[in-house]
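Enquirer: Please read through the structure below; I'll follow up with questions.
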Ligand SMILES: [Zn+2]
């Protein structure tokens, strides 16, 4: 079979992505310094991998400082299941959206995997942030050692799994904001039918995210199912954060009208600011319902208020130092944050990453920015290591 020419996306820090133009999914490979770390990131529908889908509408473009790969595919014959994937790459994290259209009157004999992959090399341990229910009941994130020949299963699907190789390279698979969709899966077949399974050998580890383990009598309703997710990657010795000059703390106005007047720039020297979003005044309806009082980043009200503050800072100049505090995820069940009438389980890692990407675009590459995490497990997540990083995807001939 003719090998299709791979679409290549260059990332900061020696990372490289390859997408196959003939697969409805991907990346086919993620390499670091020329060596494969991850391959075959894909969905598997009843034994069919993404190469079994006849792929159409495949597009690669840059938008909003991200490199985007989108595709649609359908199992032959053309009346079969259909799959759409959009993956948006930042510097070291990608946000993925899948839409799976289940074919009418079709049994899921084997089952459905969403965003499974093979990790290349010897993997020594995984950090697991448990499923939403366990986590919001106080069960902490935990490291598990990996032993070749010994498989691990986590049920239901955890919020995040961070895999660590023996050289310290890390790969994160985390759930999108839409926890309730992952909980519901492809129908009410019982939570024991969804899990993450890790099969470990000396040379590689398979990460299987099974949204539905099949059976002779398992027939999902024919409709479209959406799932969101992130993958992120981190080199063993990530760059030390830049040293920040002494900073002025920016204050929010209590009336919700954005920031108090910013200090005028002194003679010479770029401004240096600290802003803590935990102190941002937003309406009670925009806060997490977990009793923390913190804004929920899946709420449009929160996003609008934060955008306003960043725009005020952008108006102060094209260069400077900015540290953003309070960009720490949490769980929430206020359905209005996700445009739902009733309460639905969600967490706001995705909203934080979306906001951070937007803030970098708004302020431009001239600002030195950081969003340090004060405690674990957030310090351990590759996706939160540097969400404000310059992606390198700003200028492109394909900008649309
Ligand atoms: Zn919320």
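The values are calculated or read from the model by the stated rules, or taken from the named source; none is laboratory data. The model shown is predicted, which means the values in this text are computed figures rather than measured ones. When we count neighbours, we look across all protein chains shown, and the Cβ atoms used for this are built from the backbone with ideal geometry, even at glycine.
Enquirer: Give the number of residues within the stretch 113-132 that are under 20 Å from the mean Cα position of the chain (by Cα) and either in contact (Cβ under 8 Å) with a residue 60 or more places away in the chain or assigned to a strand (DSSP E or B) (or both).
Expert: Adding up the residues that qualify gives 12.
Enquirer: Hey, another quick one. With outside any strand (DSSP E or B) and either under 13 Å from the mean Cα position of the chain (by Cα) or modelled with pLDDT under 95 (or both) as the only criterion, which of 173, 177 stands out? Lay out the reasoning, then the answer.
Expert: Details: 173 fails: outside any strand (DSSP E or B).
One residue alone meets the criteria, 177.
Enquirer: Filter the stretch 281-308 down to the residues that are under 16 Å from residue 359 (Cα atoms), more than 21 Å from the chain's Cα centre (by Cα) and buried (at least 19 other Cβ atoms within 10 Å of the Cβ) and list them by number.
Expert: 305 - this is the single residue of the stretch 281-308 that is under 16 Å from residue 359 (Cα atoms), more than 21 Å from the chain's Cα centre (by Cα) and buried (at least 19 other Cβ atoms within 10 Å of the Cβ).
Enquirer: Which is closer than 30 Å to residue 236 by Cα and surrounded by fewer than 16 Cβ atoms within 10 Å (Cβ to Cβ), of 63, 104, 109?
Expert: Working: 104 fails: closer than 30 Å to residue 236 by Cα; 109 fails: closer than 30 Å to residue 236 by Cα.
One residue alone meets the criteria, 63.
Enquirer: For the subset of the stretch 61-81 comprising residues that are outside any loop (DSSP other than H, G, I, E, B) and free of Cβ contacts under 8 Å to residues at least 24 places away in the same chain, which member is nearest to the chain's Cα centre (by Cα)? I'd like the intermediate steps shown before the answer.
Expert: From the stretch 61-81, those outside any loop (DSSP other than H, G, I, E, B) are 61-63, 66-75; that's our starting set.
Checking which are free of Cβ contacts under 8 Å to residues at least 24 places away in the same chain leaves us with 68, 70, 74.
Values: 68: 14, 70: 16, 74: 25 Å.
Selected residue: 68.
Enquirer: Could you list, ordered by first residue, the pairs with Cβ atoms under 7 Å in which the first is in the stretch 276-299 and in contact (Cβ under 8 Å) with a residue 40 or more places away in the chain and the second is part of a strand (DSSP E or B) and away from the ligand (no atom under 13 Å from the Cβ), at least 6 apart or interchain?
Expert: Going by the 7 Å Cβ cut-off, the qualifying pairs are 276/325; 277/324; 277/325; 278/325; 279/252; 280/252.
Enquirer: For residue 58, which of the numbered conditions (1) farther than 20 Å from residue 222 by Cβ; (2) in a loop (DSSP other than H, G, I, E, B) fails to hold?
Expert: Only one criterion in (1) farther than 20 Å from residue 222 by Cβ; (2) in a loop (DSSP other than H, G, I, E, B) is unmet by residue 58, namely (2).
Enquirer: If you don't mind, another one. Of all residues in the stretch 29-58, how many are on the phi < 0 side of the Ramachandran plot and either at pLDDT below 90 or not assigned by TED's automatic domain parsing to the domain that holds residue 110 (or both)? Steps first, answer last, please.
Expert: Applying the first criterion (on the phi < 0 side of the Ramachandran plot) to the stretch 29-58 yields 29-32, 35-39, 41-45, 48-56, 58.
Add one more test, that the residue is either at pLDDT below 90 or not assigned by TED's automatic domain parsing to the domain that holds residue 110 (or both), and what stays is 48-56, 58.
Total meeting the criteria: 10.
Enquirer: Quick check on my filter: what residues within the stretch 329-370 are assigned to a loop (DSSP other than H, G, I, E, B), surrounded by 23 or more Cβ atoms within 10 Å (Cβ to Cβ) and more than 10 Å from the ligand (Cβ to nearest atom)? Spell out how you get there, then give the answer.
Expert: At the first step, the residues of the stretch 329-370 found to be assigned to a loop (DSSP other than H, G, I, E, B) are 329-330, 333-334, 339-345, 348, 364-366.
Then keep just the ones that are surrounded by 23 or more Cβ atoms within 10 Å (Cβ to Cβ); that gives 329, 348.
If the condition is that a residue be assigned to a loop (DSSP other than H, G, I, E, B), surrounded by 23 or more Cβ atoms within 10 Å (Cβ to Cβ) and more than 10 Å from the ligand (Cβ to nearest atom), then 329 is the only one that fits.
Enquirer: Also, quick follow-up: What's the total number of residues in the stretch 268-318 that are assigned to a helix (DSSP H, G or I), in contact with a helix residue (DSSP H, G or I) (Cβ under 9 Å, 6 or more places away or on another chain) and away from the ligand (no atom under 16 Å from the Cβ)?
Expert: 6
Enquirer: For the stretch 223-256, give me the residue count where each residue is closer than 30 Å to residue 81 by Cα, assigned to a loop (DSSP other than H, G, I, E, B) and in contact with a helix residue (DSSP H, G or I) (Cβ under 9 Å, 6 or more places away or on another chain).
Expert: In the first step, residues of the stretch 223-256 are kept if they are closer than 30 Å to residue 81 by Cα; the result is 223-232.
Remaining after also requiring assigned to a loop (DSSP other than H, G, I, E, B): 223.
Next, only the ones that are in contact with a helix residue (DSSP H, G or I) (Cβ under 9 Å, 6 or more places away or on another chain) stay: none.
Adding up the residues that qualify gives 0.
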